[in-house]
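Below: the structure, in structure tokens.
The values are calculated or read from the model by the stated rules, or taken from the named source; none is laboratory data. Note that the structure is a prediction, hence the values are computed from the model and not measured. Cβ atoms come from the backbone with ideal geometry, glycine included; neighbour counts cover every protein chain shown.
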Amino acid sequence: MRALSSPLPYLITSSPPLMPALTVEPAALDVLPLLGDSDDVKNAVVTEPEILPNRFEEMLPRELQLQCIKALILICDEDHVRDIRDGRWTVFRACQERWVGSVKGYREIIKLSRVSHAWRSLAFDGQLWSALDLAPYSHITKAGAYSLISAASPFIKHASILGLPRLFPILARSLTAPYAPGTQLRSLNLRGCRHIKTGPLHLLISTSPMLESVNFCASAAVTNFTTTLLAAHCPELKVVNVNRCPYLSGSGIIALGSTAAGPLVGCKPPRRSKIRELRIAGLRYANVDVLRSVGEHMPDLEVLDMSGSRLLGDSAIEALVTCTKDSDCSKVALTSREAGHDPAEMAIHYRRLTKLRHLNLSSCPEITDRACSHLAHAVPNLEFLELADLGGAMKDDGLVHLLETAPHIRKLDLDDAMDITDSVLDALTPPPPDGHSSRSSLQPTPGEKLEHIILSYATNLTNEGVLRFIRGCPKLRILEVDNTRVSDSVLREFVRIVRKRKTAGAEMVAVDCRSVGKAVVSELAQQTRPRRGWKAWEAQAMNYDDGSPHNEAPGPGPSLTPAQDECDETKVVLKSFWSWQAVDTAAALRERRKRIAGNRRYTEGDLQLAHIAGRGRPNPDLVRQERLEGDGADGSPTQTGESRRRSRWVIRWSGGRGGTGGSMYVGTEPAVTADNIGDERSCVIM
């Protein structure tokens, strides 16, 4: 049955049945005899189609079939790596191709499930989906997710539904099926799943004894009982991220440590907690008892994030590293001066030698530099120290005391430490190399491995102290000195040194530095870039420039400035008020080119189609574009078109300068030049 077009209401007419067509060889038609029942005629006219054998399904065993399908993931990943290595992966191409690498490979496997039922069984085989990461596929439907998760649930070892809370009920229901006594989960990432139910989460935890890593960041389903279940049912747990969980308090962290360690049973030694990474930012009621429990029951702890804990004080930090003489742990005996106490005290203080490599105490208002004195000699392996947003509470004494005992420090965040001076920089500046010294490379000095330091709002630092620091640190790569007293000489010296060392990915941030002028930014323009660009589909809104000819489509209007190549890792990222204007200039020119190209986009045929689509009424947008055109036969604007084009700019608001408000300008659009481009709006946050 098929429908025929008619001016009358639709008529349904029947079509004759289709007859199978016979394949006739042209050479045989000339010699066909008149007898229709001849055997020669039958053999010459009718040819049966040849059916090729399905060797993939009939000859290969299922395991080899799965390996062939799994090879799609490796091929897509290798293709993406090859494109990056050969320089074919540009910003333009990244904005056009969303699915790349292994993400594209898994997507191709899902497409193969449409071929047949047999291929669907292969595509949804659990051996291909042991690492289930649905975060890149944000538009997946619940039905599709259920088909995939239910088929692969016995094999799933790593599950991530980052930012997809609607899929958590499906994941929990499939993994905790009645016929499955336990799951194979090793890692579970529920970051961004804030509003999920506590019951399914607890059931999933209690049936996953092999869990090693959990990420429940900002989840309202996490309570103190959740951490108790983690400690009781997950003995292999190593990574716990419960940042910003509103219903979690300090007692839950105490239960996590004490329950994981377990009591002494007979003559057997107590079970040790294997937690190496603990992120509890924004924890409520973080006090001395919480930190003491963490220090005693988590001896292998390497990463501790307690940023944003409002009640965390210096005494709690001291409890983290304090131990007794009889404690069964690695410890060191210190004098009162070395332990950060009154030097007049004649007492021995024992400190636990922790394995901490990363400590974050940012935005803890009760923390002072005295906490740094307590940590001295107790964190010999410290590499990342974050003490941002502490204000005037951070002084030189305690900070210098800690840094002198942290030779492996690689990143230091002292943002908003307004009272520190050049003494901190001198403590981090290694001594100049001496040809007569025989210092072993196994004993580095503080500052030798430093790569990243943040000194924003440290207004007491001098220009000379920063210069000595830059010259002395051999591996310094990122320097942030917002709102400080550094001048042009610091920018020149930093760019010169990192280029001499051939340091890739170097960056300097000097926003709101009054002594940094426009001349030095223009002088270093060929060696720097204003932003750290990256090539991905998610970054298309940023309009990064990599110097590719595809970035700007050919069209009328002014051409862009020479390419900054914001993705070149050999150039230094220089962020300042003046360098950011280059980004505004390129963006404004790009918008102008699009606007000019859009004015010439519609033709007379488009306007006729607009009349038809509007049932006889012209589309006002297209008519407005037609009136704004006014181009002559030679492509140049006519006098009438020019006057019409001016009407677009009769009323336009322009942001004023210096906070004096905006102004109206009447007439033609102002010319776009390198001097006035972007002046009508204020600075954009980097």
task: Evaluate segment 473-487: report whether one residue or more is touching a residue at least 24 places away in the same chain (Cβ under 8 Å) and in a helix (DSSP H, G or I).
output: no
- prompt: Could you give every pair whose Cβ atoms fall below 9 Å, whose first residue belongs to segment 328-350 and is of a type in the set (Ser, Thr, Tyr), and whose second residue is not in a loop (DSSP other than H, G, I, E, B), counting only separations of at least 6 or pairs across chains?
  reply: 330/352; 335/349; 336/349; 350/322; 350/331; 350/332; 350/333; 350/334
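Condition first: closer than 19 Å to residue 184 by Cα and among the aromatic types (Phe, Trp, Tyr). Now tell me which residues in segment 209-248 satisfy that.
Step one: of segment 209-248, the residues closer than 19 Å to residue 184 by Cα are 209-216, 229-240.
Correct list: 216 only.
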- request: Could you tell me which of the residues 320, 356 is in contact (Cβ under 8 Å) with a residue 12 or more places away in the chain, within 25 Å of residue 274 (Cβ to Cβ), of a type outside the set (Gly, Ala, Ser) and not in a loop (DSSP other than H, G, I, E, B)?
  value: 320
- prompt: What is the one condition in (1) within 31 Å of the chain's Cα centre (by Cα); (2) not in a loop (DSSP other than H, G, I, E, B) that residue 402 does not satisfy?
  reply: (1)
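Output the helices (runs of 4 or more DSSP H) that fall wholly within segment 141-209 and possess 2 or more residues being in contact (Cβ under 8 Å) with a residue 12 or more places away in the chain and farther than 30 Å from residue 114 by Cα, or say none.
On the way: elements: 142-152, 168-175, 198-206.
Helices (runs of 4 or more DSSP H) meeting the threshold: 198-206.
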- prompt: If you take the residues of segment 207-226 that are closer than 19 Å to residue 170 by Cβ and polar (S, T, N, Q), which of them is surrounded by the fewest Cβ atoms within 10 Å (Cβ to Cβ)?
  reply: 207
message: Checking the structure you have, find out if any residue of segment 125-142 is farther than 24 Å from residue 78 by Cα, touching a helix residue (DSSP H, G or I) at 6+ places or on another chain (Cβ under 9 Å) and β-branched (Val, Ile, Thr).
response: yes
query: Taking only pairs six or more apart or across chains, which ones have beta-carbon atoms under 6 Å, a first residue in segment 370-386 that is of a type in the set (D, E, K, R), and a second residue that is at pLDDT 95 or above and not in a helix (DSSP H, G or I)?
result: 383/357; 383/408; 383/410; 386/360; 386/362; 386/413
field: Looking only at segment 80-98, and only at residues there that are surrounded by 15 or more Cβ atoms within 10 Å (Cβ to Cβ) and not β-branched (Val, Ile, Thr), the one that is farthest from residue 131 (Cα to Cα)
entry: 92
Single residue of 312, 304 found to be at pLDDT 95 or above, outside any loop (DSSP other than H, G, I, E, B) and surrounded by 16 or more Cβ atoms within 10 Å (Cβ to Cβ): 304
field: Test for residue 434: is it modelled with pLDDT of 95 or more and either of a type outside the set (S, T, N, Q) or under 17 Å from residue 359 (Cα atoms) (or both)
entry: no
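Residues being farther than 30 Å from residue 530 by Cα, of a type in the set (D, E, K, R) and either at pLDDT 50 or above or part of a helix (DSSP H, G or I) (or both): count how many of those fall in segment 575-615.
As a first pass, look at segment 575-615 and keep what is farther than 30 Å from residue 530 by Cα: 599-615.
Retained after the next criterion (residues that are of a type in the set (D, E, K, R)): 600-601, 604, 606, 615.
From the residues that got through so far, the ones that are either at pLDDT 50 or above or part of a helix (DSSP H, G or I) (or both) too are 600-601, 604, 606.
Total meeting the criteria: 4.
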message: All but one of (1) farther than 16 Å from residue 294 by Cβ; (2) out of contact with any strand residue (DSSP E or B) (no Cβ under 9 Å at 6 or more places or on another chain); (3) crowded, with 20+ Cβ neighbours inside 10 Å hold for residue 371; state the number of the condition that does not hold.
response: (1)
